[in-house]
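Here is the structure we will look at, set down as structure tokens.
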Amino acid sequence: MVKVICVRFRTAGKVYYFDPLSFEIKKGDNVIVETARGIEFGTVVSGVREVEESEVVAPLKPVLRIATEKDKEQEKTNREKEREAFKVCLEKIRKHELEMKLIDAEYTFDNNKILFYFTADGRIDFRELVKDLAAVFKTRIELRQIGVRDETKIIGGYGICGRPLCCHSYLSDFAPVSIRMAKEQNLSLNPTKISGVCGRLMCCLKNEEETYEELNRNLPGLGDIVTVSDGTEGEVSSVNVLRQLVKVLVEVNDEKELREYKAEEIVSTRKKNKGKKKESAEEAREMQELEKLERMDRSDRDEKDEKPGRGGNKPRNNQGKGSRQGGNGQTGRNNGGQDNNDQNGNGQNNRNNGGQGSRNNQGGNGQNNSRPQNNNGENGGEEGKSKRRNRGHNRGNRPKKTEGNKAPENSGNQE
């Protein structure tokens, strides 16, 4: 067992594990920790507790210190600086006439990096924007493209229920939501009624899904022929899922009568051979819209899973889900003139950019593909290995094909 504390860096953000060391830390305390982004200020959401070693990914980073009053003042100052940075970035976006919507700006605690979150319909060439921002702030700049769900999570708002949005108040992760959940709960399939503020299917469809699945197992379907405990047989007219009541249309003395029974009184059920119900043009259009929303949501989740994480420890069911903001794909980094492999320090770091190589680094030095074009095996002693391997072959025999020198997967300009 390993002792850990759970730390969160943003309201309703993901929870990360850290080693409490010998500090006396309790829920609600503020702590200073080190993550892949740098030194950060977080809030403890769970005091010291023990978890299985299998739930922790080594190395487990320690807490640097419990936040002092000076640290809290620094965090407050950072929040004010973020508002100024947001305004500057907006001006620069207008200057470069980029089709992107700026959502938020965030400073790391040590001011070593500024992150700007934005949304856009497609990929944006923001290299010149990053150069300008680095010249203004004299620090490392990162632009991160996020999805519409993450945009709503950051900004917040109120749902059609009149309450604050779930994603902004307590949801740390987005669960997959599908049209089947709406059907299971007998909800209207009108997209405007089951879509949230973000334009995607509402997250709360997931809240009662398991309950409805369990309750629906005990109920017959509409139109089924059922036999009741008193021997009466009839066709199911309607069901009340929550009260577990079934209305059955029975025939009594050559007359149709609607009777209500409890689910446990149903002895047997026989599926009625029903033809495929014809959908109206309106229903078909609504279903197409819902399927489109579902596909977009799935695409956002897939792209979000590919994003780099904070580098801290997360509970196993959250690992590999990407950074706390998530998003769908484009990240730009600039080191603001600091030492780096890229001499100009102003490149755009994309994955699969235009299909050229697995990772490319575009900057003032041109394109640096992570795999060299030649296959001559000059680095890492590959040439010598190849020669030794070929000794003993006859002069007329063809030497064995060698792999050549493959560059490390992360040879591009990565942070």
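The values are calculated or read from the model by the stated rules, or taken from the named source; none is laboratory data. The model shown is predicted, which means the values in this text are computed figures rather than measured ones. We place every Cβ from the backbone using ideal geometry, glycine too, and count neighbours over all the protein chains shown. Keep in mind that these areas ignore ligands, DNA and RNA; they rest on the heavy atoms of the full protein, side chains included. Shrake-Rupley method; radii C 1.70, N 1.55, O 1.52, S 1.80 Å.
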statement: Count of lysine pairs, the stretch 51-120, Cα-Cα under 27 Å, sep. 8 or more residues or interchain, comes to 25
query: Mind ordering 161-168, 211-218 by average Cβ neighbours within 10 Å, highest first?
result: 161-168, 211-218
query: By average Cβ neighbour count within 10 Å, what is the ranking of 169-176, 77-84 from highest down?
result: 169-176, 77-84
- line: To the nearest 0.05, the calculated FRET efficiency linking Ser238 and His96 through their beta-carbon distance, R0 being 51 Å, is 0.30
For peptides 111-121, 185-195, sequence by mean Cβ density within 10 Å, most packed first: 111-121, 185-195
query: With each label point set 7 Å from Cα along the Cα-Cβ vector, what nm distance links Lys3 and Leu189?
result: 5.6 nm
field: Segment Leu21-Ala135, extension gain: residue separation times 0.36 nm, minus the distance between their alpha carbons
entry: 37.1 nm
- line: For the stretch 25-161, the percent of accessible surface on carbon and sulfur atoms (probe 1.4 angstrom, ligands and nucleic acids excluded) is 49 percent
- prompt: In nm, what is the difference between 0.36 nm times the number of residues separating Glu282 and Lys247 and their Cα-Cα distance?
  reply: 9.7 nm
message: Just to be sure I understand the model, the point goes 7 Å from the Cα along the line to the Cβ. What's the resulting Ile66 to Arg298 distance in nm?
response: 5.0 nm
task: Send over a whole-number figure in Å² for the accessible area per residue of the stretch 107-233, probe 1.4 Å.
output: 46 Å²
- request: Give the whole-number value, in cubic angstrom per residue, of the convex hull volume spanned by the C-alpha atoms of the stretch 1-145.
  value: 127 Å³
